[in-house]
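Data block below; observations after.
Computed from the coordinates by the stated procedures, all read-outs in this text should not be read as laboratory data. Computed from a predicted structure; not experimentally measured. Please note: Cβ atoms are built from the backbone with ideal geometry, for glycine as well, and neighbour counts cover all protein chains shown.
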Amino acid sequence: MTDTQHPHALIIRTDGSFEIIDWPTAGTLQTLYTGMGCTNVDALTLSPRLTMWVDGEGLINGKPVNRAATILYAIHREPHQHYHGDVIITGGANQGDTLGLTNEEIVSLIDFHLTFTNAEIPSQRTK
């Protein structure tokens with residue numbers, strides 16, 4: 001079977017651990033809520049092929065900073081805040097549907113995660 005038949009997503013937890021989960025073709029919002037342990041999510045586009053789902057109330061609810069998520073966002077976009085709580089990384093969107101990740105994308109993200117989890121979080125840039 002190919003990756004498009006069994007897409008995945010990657011949960012990156014605040015303690016630095018990660019988990020690969022199956023990404024469903026339906027019920028994706030509930031998968032996000034369950035995977036991140038929250039009831040409000042925001043989608044951040046890292047690239048046309050990567051979306052980072054964050055806990056929309058993580059800071060308000062006192063969840064710890066997710067260093068890996070903050071660094072991942074800062075590498076792809078201009079850093080502007082720290083992200084709190086667990087995050088889920090998925091593929092991009094296709095006609096409004098959120099796509100899963102391929103095995104190759106999962107491997108690349110895990111490699112990145114293991115390389116940069118001890119890196120310094122970039123500070124906000126000013127112009």
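In debye, nearest 20, what is the charge dipole magnitude of the chain about its Cα centre with +1 on Lys and Arg Cβ and -1 on Asp and Glu Cβ, if you could check? Could the numbers behind the result be given before it?
Working: 7 positive and 14 negative charges, 87 e Å.
Dipole about the Cα centre, nearest 20: 420 debye.
Explain nothing, just the number: relative contact order of the chain, from Cα pairs under 8 Å at least 6 residues apart, as a whole percent.
Working: 227 pairs, mean separation 37.8, N = 127.
Relative contact order of the chain: 30 percent.
Which shape class, rounded, prolate or oblate, goes with the stretch 1-108 when its Cα gyration tensor gives a ≥ b ≥ c as root eigenvalues, a/c under 1.5 marks rounded, and past that a/b bigger than b/c marks prolate? Write down the numbers at each step before the final one.
Working: a/c = 1.68, a/b = 1.43, b/c = 1.17.
Judged from the Cα gyration tensor, the stretch 1-108 comes out prolate (a/c at least 1.5, a/b above b/c).
Once amide H atoms are built 1.01 Å from N in the peptide plane, which residues 5 or more positions from residue 101, or in another chain, come under 5 Å H to H?
Close amide H contacts, sequence-distant or interchain: 8, 9, 91.
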